[in-house]
Amino acid sequence: MNDNKSKRTDVDIASEFDRLFDEIPEPNTEEEIRAFLEEANYDVEKLKTAGAIFVRDLIASNWRFANIQDMHDVTEEINAVPLRKGWNRDQITSAIKKITIALGTTGTQPTLAFRNLDRLSDSDLITILQELEYTAHQNGITTDLD
């Protein structure tokens with residue numbers, strides 16, 4: 001029988017990994033976990049530190065973990081950025097694209113990067129521009145949009 005391993009599906013491969021992981025005995029106590037990690041040449045203290053930093057950064061970057069007062073404060077700061085109400089649609093979308101590119105160069109990718117701006121109302125676009133201007137300012141980017 002000829003087993004052609006290259007034609008396995010992703011599900012087959014994932015199932016094989018799942019089976020392999022099921023065969024690895026899981027440590028139950030903190031001592032067993034420490035021994036397992038040390039046997040695998042991990043520095044447990046470095047792992048703890050890296051894990052704590054990862055969790056701290058994850059919490060700091062996720063609004064779901066933010067203090068409600070902090071969220072209100074940021075909302076007030078965003079609302080302090082003047083709205084571009086006198087601008088036409090082309091000016092607004094051009095400014096959005098300009099700020100999005102500027103933010104991308106600093107490693108800050110706005111969540112609207114792949115949004116189809118043509119489908120949004122002028123009011124939505126003005127609000128997005130306001131939020132982007134705030135974000136740019138927070139990242140030290142000066143926006144010369146006028």
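The values are calculated or read from the model by the stated rules, or taken from the named source; none is laboratory data. From a predicted model like this one, the values you see are computed outputs, not experimental measurements. Cβ placement follows ideal geometry from the backbone for every residue including glycine, while neighbour counts extend to all protein chains displayed.
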Report summary line: Those residues of region 65-83 that are polar (S, T, N, Q) and closer than 22 Å to G140 by Cα come to a total of 2
Query - Test: L47 is out of contact with any His (no Cβ under 9 Å at 6 or more places or on another chain), in a helix (DSSP H, G or I), surrounded by fewer than 10 Cβ atoms within 10 Å (Cβ to Cβ) and free of Cβ contacts under 8 Å to residues at least 40 places away in the same chain - result: no
Query raised in the report: For F36, are the conditions met, namely being part of a helix (DSSP H, G or I) and either touching a Pro at 6+ places or on another chain (Cβ under 7 Å) or not assigned by TED's automatic domain parsing to the domain that holds P25 (or both)?
Result: yes
Query raised in the report: Among the numbered criteria (1) assigned to a loop (DSSP other than H, G, I, E, B); (2) under 30 Å from A136 (Cβ atoms); (3) at pLDDT below 85, which single criterion is violated by G86?
Result: (3)
